[in-house]
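A short write-up of the structure that comes next.
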Amino acid sequence: MNIGVFDSGFGGLTVLRALLEKLPGQDYVYLGDTARLPYGAKSQATVARYAVSSAGFLVDQGAEYLVIACNTASALALDEIRAAVPVPVLGVIETGANAAQASTKSGDVLVIATAATVESHAYAAACKQRGMRAYEKACPLLVPLVEEGWIEHPVTEEVLRIYLDELLAESARAGLRPDTLVLGCTHYPLLRAQIERKLPAGIRVIDSADATATQVAGALGVPAPTDDPQSERSFYATDSVEKFRKLGTRFLGQPIEYVQLIDLGG
Ligand code: DGL
């Protein structure tokens, strides 16, 4: 099976990393639409247009199953993508909400994400469908900080402290008793340790990468990993392949040897 993984940038490599752990024997084609990133500050129509052209590209490369690793594209454009391509498409909002459901005891969850994802209320709707209450907060400064490589950095620490203090105060005012925080953006798993350090004990941090990989494995009925994984991996980006290789290695947790530059237009 050739699995296509799409993200606006290299953050979706955290999802590919989980897929490679769970399903090492499959072929993967990854596209990061780095020229048009960030999606999280754009309108629904623009995100849908970009995501549909990106999904089409992956299918043209032979993808038989698509994972939309980008939370913003999953929140704003999943229906459009599904309508545009002839292969099954899985988004990360549903899998993130499933992971939250498995984690929470109080039924109240916090979600941090891009402005576009929060404005869509896709997480709140998916949580409500599963009997949970979600309080969502946009953290628009985090993507550029991670892109800059400012992971262990005093500015990032301070920005996180402000966002998380606000989130806890706002959710308390709204009457929630959260025990779970969903990292609703591909970039945030890189800040996981810093986020966990700033939260009160009793709030568990989850991201959708593992839940997504588990769901793909279930959907494909793929056998357990073998000792000798043989996986073809192709990486495409719409902007600087050097930056993709450098930052992508950090997200994937292993070196990326070769990235091909492609042009999907504006
Ligand atoms: N991939 C996006 C997401 O998960 C974050 C980066 C962007 O804004 O494009 O929401």
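The values are calculated or read from the model by the stated rules, or taken from the named source; none is laboratory data. Since we're looking at a predicted model, the values are computed, not measured. Positions of Cβ are backbone-derived with ideal geometry, glycine not excepted, and every protein chain shown enters the neighbour counts. What goes into the accessible areas is simple: the full protein's heavy atoms, side chains included, and nothing from ligands, DNA or RNA. Shrake-Rupley method; radii C 1.70, N 1.55, O 1.52, S 1.80 Å.
Of the solvent-accessible surface of the chain, computed with a 1.4 Å probe and all protein chains present, 51% belongs to carbon and sulfur. Rolling a 1.4 Å probe across all protein chains gives Asp210 an accessible area of roughly 90 Å². Scoring 174-180, 71-77 by mean Cβ neighbours within 10 Å over their residues and listing the highest first yields 71-77, 174-180.
For the chain, the solvent-accessible area of protein heavy atoms averages 42 Å² per residue (probe radius 1.4 Å; ligands and nucleic acids excluded). For the range 91-199, just say rounded, prolate or oblate: build the C-alpha gyration tensor, square-root its eigenvalues into a ≥ b ≥ c, call rounded for a/c under 1.5, and beyond that prolate if a/b exceeds b/c, oblate if not. Prolate shape, in that a/c is at least 1.5 and a/b is the bigger ratio. Scoring 36-47, 141-152, 91-102 by mean Cβ neighbours within 10 Å over their residues and listing the highest first yields 91-102, 36-47, 141-152. The share of Cα pairs per 5 Å bin across the chain, counted from zero up to the longest distance, runs 1, 6, 14, 18, 20, 17, 12, 7, 3, 1, 0 percent. Relative contact order for the chain: 27 percent, from Cα pairs under 8 Å spaced at least 6 residues apart, divided by residue count. Label separation (Ala45 vs Ser231): 3.9 nm, computed from points 7 Å beyond Cα along the C-beta direction. Stretching the chain fully between Ala174 and Ala83 yields a gain of 29.1 nm (0.36 nm per residue, less the alpha carbon separation).
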